[in-house]
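The values are calculated or read from the model by the stated rules, or taken from the named source; none is laboratory data. From a predicted model like this one, the values you see are computed outputs, not experimental measurements. Cβ: placed from backbone, ideal geometry, glycine included. Neighbour counts: every protein chain shown.
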């Protein structure tokens, strides 16, 4: 097993543990916690390209990553090449890259993907919100113990960020668990941003 393959396997294992609720997740205090998540229709060609990870519920595989983003590329067979990039703990660290393969689930209008993390391991990814101009999007999982806020740009205003958290709150997420991902060195250590080495 190559180093890159081992890295993907580690991410897959950590994500599966989180999805299974084996990561000591705190109880969700949101009164809408039991409300099922609903996907939104997605124009897949328009959805492709680079998305910066603005905030997330930290978990093992992404907790110490900074400057992270995803690149989605729609293939001729309808599947999606899903590339993850980020730096471990420091912007001076070499950029890490993990490759996944996503398959839009039939009948879900592009809003639900089956993500192959590491053969034969697949997980479900839900698109919970996309703004009309395809500048921002929210991704999640049915258990609400994982979630992400993405943006086309590495910066997001506090006003927009608060509106994204408001949407997540209405969906039943515990928004207090979200941490912003530093996309610039000057954001390291700022209140509300994830700190490399910090335990959630």
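Scanning the range 71-87 for residues that are exposed (fewer than 13 other Cβ atoms within 10 Å of the Cβ) and either closer than 18 Å to residue 134 by Cβ or in contact (Cβ under 8 Å) with a residue 24 or more places away in the chain (or both) yields a total of 2. Against the conditions (1) touching a strand residue (DSSP E or B) at 6+ places or on another chain (Cβ under 7 Å); (2) at pLDDT below 95; (3) closer than 23 Å to residue 67 by Cα, residue 164 satisfies every one except (2). Cβ-Cβ contacts under 6 Å between residues 6 or more apart (or on different chains), taken from a first residue in the range 100-124 that is over 21 Å from residue 69 (Cβ atoms) to a second residue that is assigned to a strand (DSSP E or B) and at pLDDT below 95, are listed as 114/122; 122/116.
Among the numbered conditions (1) within 30 Å of residue 88 (Cβ to Cβ); (2) over 19 Å from the mean Cα position of the chain (by Cα); (3) at pLDDT 50 or above, the only one that residue 6 does not meet is (3). Scanning the range 113-124 for residues that are crowded, with 20+ Cβ neighbours inside 10 Å and either assigned to a loop (DSSP other than H, G, I, E, B) or modelled with pLDDT of 95 or more (or both) yields one hit, 113. Considering only residues in the range 45-61 that are free of Cβ contacts under 8 Å to residues at least 60 places away in the same chain and assigned to a loop (DSSP other than H, G, I, E, B), the one that is nearest to the chain's Cα centre (by Cα) turns out to be 61. If I ask for residues that are surrounded by 15 or more Cβ atoms within 10 Å (Cβ to Cβ), more than 25 Å from residue 180 (Cβ to Cβ) and modelled with pLDDT of 95 or more, which ones from the range 9-58 would you list? Once the filter is applied, which keeps residues that are surrounded by 15 or more Cβ atoms within 10 Å (Cβ to Cβ), more than 25 Å from residue 180 (Cβ to Cβ) and modelled with pLDDT of 95 or more, the range 9-58 yields only 44. Across the range 129-147, the number of residues qualifying as part of a strand (DSSP E or B) and more than 14 Å from residue 56 (Cα to Cα) comes to 2. From the set of residues in the range 81-108 that are outside any strand (DSSP E or B) and farther than 17 Å from residue 126 by Cβ, which is nearest to the chain's Cα centre (by Cα)? Across the range 81-108, the extreme among qualifying residues is 89.
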